[in-house]
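The next block holds one structure in the form of structure tokens; read it before the comments.
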Amino acid sequence: EACEGIITLGKRYAQYAGDMAKKEKDPERKKELETIAANCRRVPEYSPRNFWEAGQMLWFVMLGCFLSENCPAFNIGRFDMYMNPFYQADLATDSIKKEFAQEIINCIWVKIAELIWLLPQNGSRYYAGYSGFTNLSVGGRNIDGSDAVNDVSFMAVEATAQVALPQPSLSVIIQPDTPQEFLLACCRLSRKGIGFPAFHNDQVGTQMMMYAGLRPDDAREWTLLGCVVPHHRKVYEWTDAGGYNMAAALEWTLNQGRSRLTGKQMGLPTKDPREFRSFEELKETFFEQVDHIMKHCAVSTVIEHKLHRKMVHRPYLSLLVEGCMESGKDLVNGGARYNVGPGWIVVGAADCANGLAAIKKNVFEEKNISMDQLIKALDDDFVGHEEIQQLLKNSPKFGNDDDYVDRLQVEMTDYNDKGLSRYKDSLGNPFHSAIMGLTYNIPTGSVVGALPCGRKATHPLAEGCSPHPGTDTTGPTAAMRSEAQVNHELHPGGTLLNLKLLPSAIEGNRGLAGMANLIRSYFELGGYHCQFNVISPETLRDAQQNPDNYRDLVVRVAGYCAIFNDLSKEVQNEIIRRTTHESL
């Protein structure tokens, strides 16, 4: 019935385009409408025969997704891999010109950007900008391991540059054999300052897919879903994109399980922190609080999963994911070739690493302050304790290539994987970890009091896997070296690194080559993902003050882009306060 429905819709479009053609006076436009009508009579009922029909087929498939469900995270997949054969065949018969093929791609981009995600008011604080996560991937490897970059890969990059809209979310997959010409084209796009593309490491993405259970040959064809989630057309991954607040666990550790803002008992009623005799004892208690949160995450998720399996069958999406037609099972009942458990996003890992490092250094090792002094400073949100706050701020911070704190970040994130994988969904699939965050860091930060890293109460937490804004002070290479220490392959829900560069940092051919080398070096070190806002804080502040002058300003928010004017002021401020690197 779902197939018949989308076929009927295609025929209705064919009829409508035909009716328009009959009334059209312009001969060129009339011929165009007649071709559109013919295309819609062909697809989606039958397979496409040329590039234009293939583009129409893609749009009908995506339109069916948006009609069947609200717009969370639909994955267009490896666009260049399946579109290039049609393009090359048309070129061989001289039935298409490159300029017209580019126009078709641009039109697909515009249609996808028309769709918005309907959100409740509170939900919009987590997903600022109302853009769905319509991810589109190019590059990477073919199933045989060879380089997959082709003509359509370049045309997809060019479409994003020409259209300059926040959707689709262009992701490029980089591997050692990726042509330098293609990487430089991607860097030129990034230099335009619209937040695209997102760069992903093919080797780590493949490892993530294998960790999730895919065969190596399937894993090599991975693509991007949502923000930064490695995915595949044979995979069903049920998730509510839940995120848990690791920074709250640190707050509870230092307040006997109570919220510092409300006094309410939220976590485990652990001992008075003044009684901790060692840093290891404090850290062990912290992980007990993390376990407490994870347990409740698992309980709520399994209840949701059972309700979805009972109430929200997904026939249309089931016909698009390999395995469901063969098994005769809906996606929600495990019909896909591979079934992956829910991903849970950890928020505030860097704040916890920074806070624990500050306690270790100042309370237990150098004894600059006592635990009692620290607790009083946190209780008072550092008012009257400014010297202590500055001492904490000057302590080692993740993102500066300092093992003292970076190894704590690795410990935080590794524990996330180990803790979550203990739980299984209602199909028996283990939970897995993600460190991305969307804009979770803002609302989650609003419910957490002062932290021992020097952060004041209710301020946003660290975003994704990125350093806390303003604390990565030794340059982008140091931030990337810190980030690369994280065992990214253990987090098949994806990890996310946001960096902000001044335009002057990547000027000219030298700057462009430097950016390309920066990305390759980061991936050689084991990093998974990086993305850039190439814009000055002054421009962003001016856009905030004079929005009418910047109606088309697109910025990278988290794993997605949005129109700057569509963001709430608190999200705009979060982007402005991120560290701006002046050079590479």
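The values are calculated or read from the model by the stated rules, or taken from the named source; none is laboratory data. Fair warning: this is a prediction, and the values are worked out from it, not measured in the lab. With ideal geometry, Cβ positions are generated from the backbone for all residues, glycine too; neighbour counts draw on all protein chains shown. Areas reflect the complete protein model, heavy atoms only, side chains present, ligands, DNA and RNA absent. Shrake-Rupley method; radii C 1.70, N 1.55, O 1.52, S 1.80 Å.
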*Return yes when Leu136 is open to solvent by 80 Å² or more (accessible area, probe 1.4 Å) and touching a residue at least 40 places away in the same chain (Cβ under 8 Å) and no when it is not.*
no
*asked:* Out of everything in the stretch 341-399 that is among the basic types (Lys, Arg) and surrounded by 16 or more Cβ atoms within 10 Å (Cβ to Cβ), what residue ends up being nearest to Val448 (Cα to Cα)?
replied: Lys393
_Going through Glu103, Glu114, Glu158, Glu99 one at a time, which residue ends up being under 24 Å from the mean Cα position of the chain (by Cα), of a type in the set (Asp, Glu) and modelled with pLDDT of 95 or more?_
Glu158
*the stretch 24-49, subset part of a loop (DSSP other than H, G, I, E, B) and farther than 20 Å from Tyr87 by Cβ, residue most open to solvent (accessible area, probe 1.4 Å)*: Lys25
_So, in the stretch 76-101, how many residues would count as being buried (at least 17 other Cβ atoms within 10 Å of the Cβ) and within 29 Å of Arg220 (Cα to Cα)?_
12
*Out of (1) touching a Leu at 6+ places or on another chain (Cβ under 8 Å); (2) without any contact (Cβ under 8 Å) to a residue 12 or more places away in the chain, what's the single condition that is false for Ile369?*
(2)
*Hey, can you tell me all the residues within the stretch 540-584 that are of a type in the set (Gly, Ala, Ser) and surrounded by fewer than 16 Cβ atoms within 10 Å (Cβ to Cβ)?*
Ser568, Ser583
*Would the stretch 259-282 turn up any residue that is β-branched (Val, Ile, Thr), surrounded by 15 or more Cβ atoms within 10 Å (Cβ to Cβ), modelled with pLDDT under 95 and part of a loop (DSSP other than H, G, I, E, B)?*
no
*asked:* Give me the residue from the stretch 382-429 that is among the acidic types (Asp, Glu) and in a loop (DSSP other than H, G, I, E, B) and, out of that set, farthest from Thr458 (Cα to Cα).
replied: Asp425
*So which residues in the stretch 50-65 are out of contact with any helix residue (DSSP H, G or I) (no Cβ under 7 Å at 6 or more places or on another chain) and open to solvent by 30 Å² or more (accessible area, probe 1.4 Å), if there are any at all?*
Met57, Val61
*Pairs, please: C-beta under 8 Å, at least 6 apart or cross-chain, first residue in contact (Cβ under 8 Å) with a residue 60 or more places away in the chain and in the stretch 280-307, second of a type in the set (Asp, Glu)?*
Thr301/Asp240; Thr301/Asp425; Val302/Asp425; Glu304/Asp240; His305/Asp425
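Going by what's in this entry, would Leu250 be described as loosely packed, with under 13 Cβ neighbours inside 10 Å and of a type in the set (A, V, I, L, M)? Working first, answer last.
On the way: loosely packed, with under 13 Cβ neighbours inside 10 Å: no; of a type in the set (A, V, I, L, M): yes.
Against the criterion (loosely packed, with under 13 Cβ neighbours inside 10 Å and of a type in the set (A, V, I, L, M)), Leu250 does not qualify.
I need the full set of residues from the stretch 157-197 which are among the aromatic types (Phe, Trp, Tyr) and surrounded by fewer than 24 Cβ atoms within 10 Å (Cβ to Cβ), in order please. Break it down into steps so the answer makes sense when it comes.
Within the stretch 157-197, the first condition is being among the aromatic types (Phe, Trp, Tyr), and the residues that meet it are 182, 196.
If the condition is that a residue be among the aromatic types (Phe, Trp, Tyr) and surrounded by fewer than 24 Cβ atoms within 10 Å (Cβ to Cβ), then Phe182 is the only one that fits.
Does the stretch 507-516 contain any residue that is assigned to a loop (DSSP other than H, G, I, E, B) and touching a residue at least 24 places away in the same chain (Cβ under 8 Å)?
We begin by selecting, within the stretch 507-516, every residue assigned to a loop (DSSP other than H, G, I, E, B); these are 507.
Checking the rest, the ones that are also touching a residue at least 24 places away in the same chain (Cβ under 8 Å) come to none.
No: zero hits.
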_If Ala73 satisfies all but one of (1) open to solvent by 50 Å² or more (accessible area, probe 1.4 Å); (2) not in a helix (DSSP H, G or I), what's the number of the condition it fails?_
(1)
*Condition broken by Phe154, with the remaining ones in (1) assigned to a helix (DSSP H, G or I); (2) open to solvent by less than 50 Å² (accessible area, probe 1.4 Å) satisfied*: (2)
*Would the stretch 440-459 turn up any residue that is open to solvent by less than 10 Å² (accessible area, probe 1.4 Å), of a type in the set (A, V, I, L, M, F, W, C) and within 17 Å of Phe199 (Cβ to Cβ)?*
no
*asked:* It is to be established whether one or more residues within the stretch 60-70 are in a loop (DSSP other than H, G, I, E, B), in contact with a Cys (Cβ under 6 Å, 6 or more places away or on another chain) and modelled with pLDDT under 95.
replied: no
*Any idea which residue in the stretch 409-437 is modelled with the highest pLDDT, counting only those that are of a type in the set (A, V, I, L, M, F, W, C) and open to solvent by 10 Å² or more (accessible area, probe 1.4 Å)?*
Leu427
*What are the residues in the stretch 309-321 that are open to solvent by 70 Å² or more (accessible area, probe 1.4 Å) and in contact (Cβ under 8 Å) with a residue 60 or more places away in the chain, if any?*
Pro315
_Could you check the stretch 460-482 and list, in sequence order, the residues that are polar (S, T, N, Q) and either open to solvent by less than 20 Å² (accessible area, probe 1.4 Å) or free of Cβ contacts under 8 Å to residues at least 12 places away in the same chain (or both)?_
Ser466, Ser482
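If you check Lys111 against the conditions, is it in contact with a Phe, Trp or Tyr (Cβ under 7 Å, 6 or more places away or on another chain), surrounded by fewer than 21 Cβ atoms within 10 Å (Cβ to Cβ) and among the charged types (D, E, K, R)?
Working: in contact with a Phe, Trp or Tyr (Cβ under 7 Å, 6 or more places away or on another chain): yes; surrounded by fewer than 21 Cβ atoms within 10 Å (Cβ to Cβ): yes; among the charged types (D, E, K, R): yes.
Criteria met by Lys111.
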*asked:* modelled with pLDDT under 90 and open to solvent by 10 Å² or more (accessible area, probe 1.4 Å): is that true of Leu525 in this structure?
replied: no
*Looking at the stretch 230-243, is at least one residue closer than 20 Å to Ile375 by Cα, aromatic (Phe, Trp, Tyr) and open to solvent by less than 70 Å² (accessible area, probe 1.4 Å)?*
no
